[in-house]
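Below you'll find the structure, written out as structure tokens, and then a few comments.
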Amino acid sequence: MDAPVIGITTGYWPREGKPGLVAVPESYIQAVMRAGGIPLLFPFPAPVEAVPLYLQQVQGVLFIGGGDIGPEYTHNPQGPLREVQPDRDRFEFALMHQVLERGVPFLAICRGIQLLNVALGGSLYVHLPRDYPGVNHDQGPRRYERVHEVQVAPESRLARILGGTRFRVNSIHHQGLNRLAPGLRVAARAEDGLVEAVEVEGHPFGIGVQWHPELLAPQDPAMARLFSALVEAARQYRREGRSTGA
Ligand code: MN
């Protein structure tokens, strides 16, 4: 079977009087499947020791959105913070470090791009309305609405994948990238200058986007191509025998 397996990180939804849910919004799963990938969920809190075992099963990884990254990683104790989950941070940073080291193709969405920047030594605006007032980047329940523009760097891989350099996107984030980590290139900015996409230098396929392409993909071929590109990179990764499970 030719379809590569794409590992997908998971989020946590507390429920009153019932066990919380470790789950993934179906939009991420659908986006991977429509792109020809087979989704495999990575539950948390799994022990960090599970990360290499999980990675043996996949040829690519999708980091999904979620709550804020905790102060022990951002080294910024200023609040207000939302939905910080230390178990999730611990697991996802371990996963991010290993996909970076091993050259596993990955797409990191929203919280994912923030995780990527912090993992490589960059910093975050931990509360955008105070730390970077500009465009309103947190549109709350208007999840599908394209509320601001992004300007994509013409020479970037992202521009080639999307097939253009100007797009309107949705925006549901509370934190944002501040100091860019070494090893990252800015691939897109919002009209207020905030970083909206990055690429990892020297990595076969490492892209982070601050918006939510999985919500736009069903109606928007350009956004769907981000997932197709991930799946294609995963296929290539397997072909080259770099998957430790191969
Ligand atoms: Mn935004």
Any idea of Arg15's accessible area? Nearest 10 Å², probe 1.4 Å. 90 Å²
If amide H atoms are modeled at 1.01 Å from N in the peptide plane, then the residues at a separation of 5 or more from Leu41, or on another chain, having amide H under 5 Å from its own are Ile8
Could you give the length gained by full extension between Gln219 and Arg168, i.e. 0.36 nm per residue of separation minus their alpha carbon distance, to one decimal place? 17.0 nm
Which whole-Hz ³J(HN,Hα) couplings does the range 139-154 yield from phi under the Karplus relation 6.51 cos²θ - 1.76 cosθ + 1.60, θ = phi - 60°, glycine and proline marked x? 8, x, x, 7, 6, 9, 7, 8, 9, 8, 9, 10, 9, 8, 4, x
For the range 30-38, just list the computed ³J(HN,Hα) in residue order, Karplus coefficients 6.51, -1.76 and 1.60, θ = phi - 60°, integers in Hz, with x standing in for Gly and Pro. 4, 4, 5, 5, 5, 7, x, x, 9
Keeping every protein chain present and rolling a 1.4 Å probe, give me the accessible area per residue for the chain in Å². 43 Å²
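Which FRET efficiency value, to the nearest 0.05, is calculated for Glu145 and Ala3 with the Förster distance at 22 angstrom and r the Cβ-Cβ distance?
Once rounded, the FRET efficiency stands at 0.10.
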In whole Hz, the Karplus estimates of ³J(HN,Hα) for the range 226-231 (6.51, -1.76, 1.60; θ = phi - 60°; x where Gly or Pro) are 4, 6, 4, 5, 4, 5
So for the pair Trp13, Glu155, with labels modelled 7 Å out along Cα→Cβ, what separation do we get in nm? 4.4 nm
Computed over the range 5-239, the relative contact order (Cα-Cα under 8 Å, seq sep at least six) in percent reads 22 percent
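State to the nearest 20 debye the size of the charge dipole of the chain about its Cα centre, where the only charges are +1 on K and R beta carbons and -1 on D and E beta carbons.
Numbers: 24 positive and 25 negative charges, 79 e Å.
Magnitude of the dipole: close to 380 debye.
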Would you mind pulling out the separation of the Cα centroids of the range 51-69 and the range 24-38, in Å? 14 Å
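Seen from all sides and averaged, what is the projected area of the convex hull of the Cα atoms in the chain, in nm²?
On the way: hull surface 50.8 nm².
Mean projected area for the chain: 12.7 nm², to one decimal.
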Positive-end residue, the range 35-177 charge dipole about Cα centroid, Cβ charges, pick of Gly122, Gly60, His75: Gly60
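The values are calculated or read from the model by the stated rules, or taken from the named source; none is laboratory data. What you see is a predicted model; the values in this text were computed from it and never measured. Note: ideal-geometry Cβ built from the backbone for every residue, glycine included; neighbour counts use all protein chains shown. Remember, those area values only see protein heavy atoms, side chains included, never the ligands or the DNA or RNA. Shrake-Rupley method; radii C 1.70, N 1.55, O 1.52, S 1.80 Å.
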